[in-house]
Amino acid sequence: MSRVILQPTGNKDAREHYVDTLVRPVDILRIKPFISTEELIRLEELYPSGLVPTWGVTAGVNKVNANKWSKIQPADVTFFSANKVLYSYGYVTYKIHNVPLAENLWGWNSKGETWEFIYFLDEIREHDIPISLFNEIVGYSQNFKVQGFSVLDEEKSDALLSYFDLESETVVQPVSEIEYKDIIESFNKDTLDIEGKTKSRAEQGFLRKALFGNMTVGRCGICGKEYPIPFLVAAHIKKRSFCSNEEKLDYKNIVMPMCKFGCDDLFEKGYITVEEGRIVVNQKITTKMLEEHLSKLKERQIAGWNEDNAKYFLWHAKYHSLSKVR
Ligand SMILES: [Zn+2]
């Protein structure tokens, strides 16, 4: 699950780096000579604009920073702090250990170190969280100060991310199959609000990872059009609230990517159902504009329909024929 990284930027070096390589992201052409082809391909996928917000930390005394850095994963959230305020945050996309690149970007500090433990960020946004509020949310004492680069444990990370309802749009958080199983089996209606939110986030994270992996674009299962993955949802074919745990764990068949440009909603609300792999348009309150849209989907053959998910489509079609207003 996503962790929170605290990155103080009080000293001169950090303030400069913040402006030089985050506020003004690094041109991928500057990074290219220092990295492998594989790394370049990944960065090109993640940053089609060619502009890469880049951050790095030094190894630290006894490699303390290096050890923390090794725990960082895509979709972790870095909060930048200075003057008792967490003033911005961004999502981790990727990381590399690379001395020559760090040297080129930032040079060396007075102790002869460079910021070689590099990580890349995206979706950087300004925020204004007083450190006192942060302390309260994660349960630190009131006089706690963000001292150095640190990675919060799972519980504190969850508390903060749930409080602000933060979740990356483009980077999918890694959730293992075992964690997913735990989440599904431990869900119950009495779960506290924050815990419930955290679990739903992890569940969606897992399903998105299962559907999209590391892809940056994907295809809608209904209209068949290609979109960047922030515009696709992992939609349950059989309504999630009606699924047994066993059905939820059948994650390879129970969800399908559907686009936010209508398909997800039309399916969810039963305007369309799928029978024998073809889209059926149902009679509902409509408008001329919607009717035109639906006529393009009508009878379309769904590429993702197969004998393993057919039963879930059948359930969906039955559910909506029963709830149809006649
Ligand atoms: Zn679609």
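No value in this document is a laboratory result; all are computed from the given coordinates. None of the values given here were measured: they were computed from a predicted structure. Every residue, glycine among them, receives a Cβ derived from its backbone with ideal geometry; neighbour counts consider all protein chains shown.
Looking at region 35-132, the GluC sites (Glu not before Pro) that sit in a DSSP loop and have at most 16 other Cβ atoms within 10 Å of their own Cβ are Glu113. Shown here for region 1-92: trypsin sites (Lys or Arg not before Pro) in loop regions (DSSP other than H, G, I, E, B) with at most 16 other Cβ atoms within 10 Å, namely Lys71, Lys84. Extending 7 Å from Cα along the Cβ direction at Ala310 and again at Asn104 yields two label points whose distance is 5.5 nm. The distance between label points at Arg278 and Asp20 comes to 6.4 nm (points 7 Å beyond Cα on the Cα→Cβ vector).
Under the criterion of Cα pairs below 8 Å and six or more residues apart, the relative contact order for the chain equals 14 percent.
With a Förster radius of 56 Å applied to the C-beta separation of Ser241 and Asn11, the computed FRET efficiency comes to 0.65.
Using θ = phi - 60° in the Karplus curve 6.51 cos²θ - 1.76 cosθ + 1.60, the 3J(HN,Hα) couplings for region 289-301 round to 4, 5, 4, 4, 4, 5, 5, 6, 8, 3, 6, 5, 7 Hz; x is entered for Gly and Pro. Can you give the FRET efficiency for Gln142 and His97, using 1/(1 + (r/R0)^6), R0 = 41 Å, r = Cβ-Cβ distance, to the nearest 0.05? E between Gln142 and His97, to the nearest 0.05, is 0.65. Label-to-label distance, Val61 versus Tyr163, with points set 7 angstrom from Cα along the beta-carbon direction: 2.8 nm.
Normalised by residue count, the chain yields a Cα convex hull volume of 166 Å³ per residue. Could you tell me which of the pairs Lys68/Lys209; Lys156/Lys252; Lys12/Lys32; Lys269/Lys296; Lys238/Lys318 are separated by over 21 angstrom between their Cα atoms in the structure shown? Correct reply: Lys68/Lys209; Lys156/Lys252; Lys12/Lys32. If you find the alpha carbon centre of region 42-107 and of region 287-324, how far apart are they in angstrom? A separation of 44 Å, based on Cα centres.
Of all aspartates and glutamates in the structure, those lying under 20 Å Cα to Cα from Lys284, and not within fewer than 8 positions of it along the same chain, are Asp264, Asp265, Glu268, Glu275, Glu292, Glu299. Between Val92, Val61, Val77, the GNM of the chain built on Cα springs shorter than 10 angstrom shows Val61 fluctuating the most. Computed extension gain for Arg125 through Lys269, at 0.36 nm per residue and net of the alpha carbon distance, reaches 48.5 nm. Count neighbours as other Cβ atoms within 10 Å of each site's Cβ, and list the chymotrypsin sites (Phe, Trp or Tyr not before Pro) in region 106-184 that are DSSP loop with at most 16 such neighbours. Passing both the DSSP loop test and the Cβ count: Trp108, Tyr140, Phe144.
Put simply, region 4-164 fits an ellipsoid with semi-axes of 26, 17, 14 Å; these come from the alpha carbon gyration tensor as the roots of five times its eigenvalues, largest first. Sorted fewest first by neighbouring Cβ atoms within 10 angstrom, Arg201, Arg125, Arg219 come out as Arg125, Arg219, Arg201.
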